[in-house]
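The values are calculated or read from the model by the stated rules, or taken from the named source; none is laboratory data. Predicted model only: the values in this text are computed from it and were never measured. Quick reminder, even Gly has a Cβ in these numbers, built from the backbone with ideal geometry, and neighbours come from all protein chains shown.
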């Protein structure tokens, strides 16, 4: 008779770096993974929020350390990976989650917002992959999960550049899967959330973009829903890869 493994069976004592861990999906994911027995390395720019999350995880019996990290700085991300190795000896998984979602119409020519998203959503992901992949290839095992978005499948109002960054993530994830997954044993996954209530609308500077963002956010689901999807993708044996999970509110039509 076939038995179903316990939830978290493949996560116990695994060392997982979570970027963008100080709030939203990152914080919810780190908390869920720690509760499942993983050893978490929290990375974000806000030291106070990281300290609060460390306290929350410890109160729940989990294990975590934190390092203030700016994913747009390639050397800083290398330092994050070295910190993880110093603390725990190795790195088993990366949750590439740090991101910015800034809506604006093309007519706004919001160059600063565009560059911020490119630096975080594209360069930040590449910096993190560069920092962990060589060790994983040397060991012949590891798991990289990239956080994408349904905006990387469908382009919505005022989301042009944001969507483009998420299409990029979809592209590199499939390339990684083919190049380092199929023949080299690295599990490559992606989670593509729909509208999640993470406070992201407060960061939209464009008046028109903010109006669209608030309307879209009306039916949002919580970050904990997405964290459950991340946990499922990471909690797989070495011979199974969950390529892509699309998760969004039932009422979201796109």
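Can you list the strands (runs of 3 or more DSSP E) lying wholly within the stretch 1-119 that have 2 or more residues being touching a residue at least 40 places away in the same chain (Cβ under 8 Å) and crowded, with 17+ Cβ neighbours inside 10 Å? Fully inside the stretch 1-119 and qualifying: 15-19, 39-44, 93-96.
Give the stretch 125-175 a look and list any residue that's under 13 Å from the mean Cα position of the chain (by Cα) and within 29 Å of residue 109 (Cβ to Cβ), or say none. Write out each step before concluding.
Residues of the stretch 125-175 under 13 Å from the mean Cα position of the chain (by Cα): 125-126, 128-129, 143-149, 166, 169-170, 173.
Scanning the stretch 125-175 gives 125, 126, 146, 147, 148, 149, 166, 169, 170.
Just give me the residues in the stretch 128-171 being in contact with a strand residue (DSSP E or B) (Cβ under 9 Å, 6 or more places away or on another chain), under 20 Å from residue 69 (Cβ atoms) and not in a loop (DSSP other than H, G, I, E, B), in sequence order. Reasoning before the result, please.
Initially, the stretch 128-171 is screened for residues in contact with a strand residue (DSSP E or B) (Cβ under 9 Å, 6 or more places away or on another chain), giving 128-129, 131-133, 136, 141-153, 166, 169-170.
Still in the running and under 20 Å from residue 69 (Cβ atoms): 128-129, 131-133, 136, 142-147, 169.
Scanning the stretch 128-171 gives 128, 129, 131, 132, 133, 136, 143, 144, 145, 146, 147, 169.
Any residue that is modelled with pLDDT under 95 and farther than 22 Å from residue 128 by Cβ - is there at least one of those in the stretch 34-47? Walk me through how you get there before you give the answer.
Start the filter on the stretch 34-47 by keeping residues that are modelled with pLDDT under 95, which leaves none.
No.
Selection of the stretch 221-242 for residues being assigned to a helix (DSSP H, G or I), out of contact with any helix residue (DSSP H, G or I) (no Cβ under 8 Å at 6 or more places or on another chain) and touching a residue at least 60 places away in the same chain (Cβ under 8 Å) yields only 233. Which residues, taken from the stretch 189-199, are surrounded by fewer than 24 Cβ atoms within 10 Å (Cβ to Cβ) and at pLDDT 95 or above? Scanning the stretch 189-199 gives a single hit, 192. Assess whether residue 69 counts as being touching a strand residue (DSSP E or B) at 6+ places or on another chain (Cβ under 9 Å) and farther than 22 Å from residue 233 by Cβ. Judged against the criteria, residue 69 is a match.
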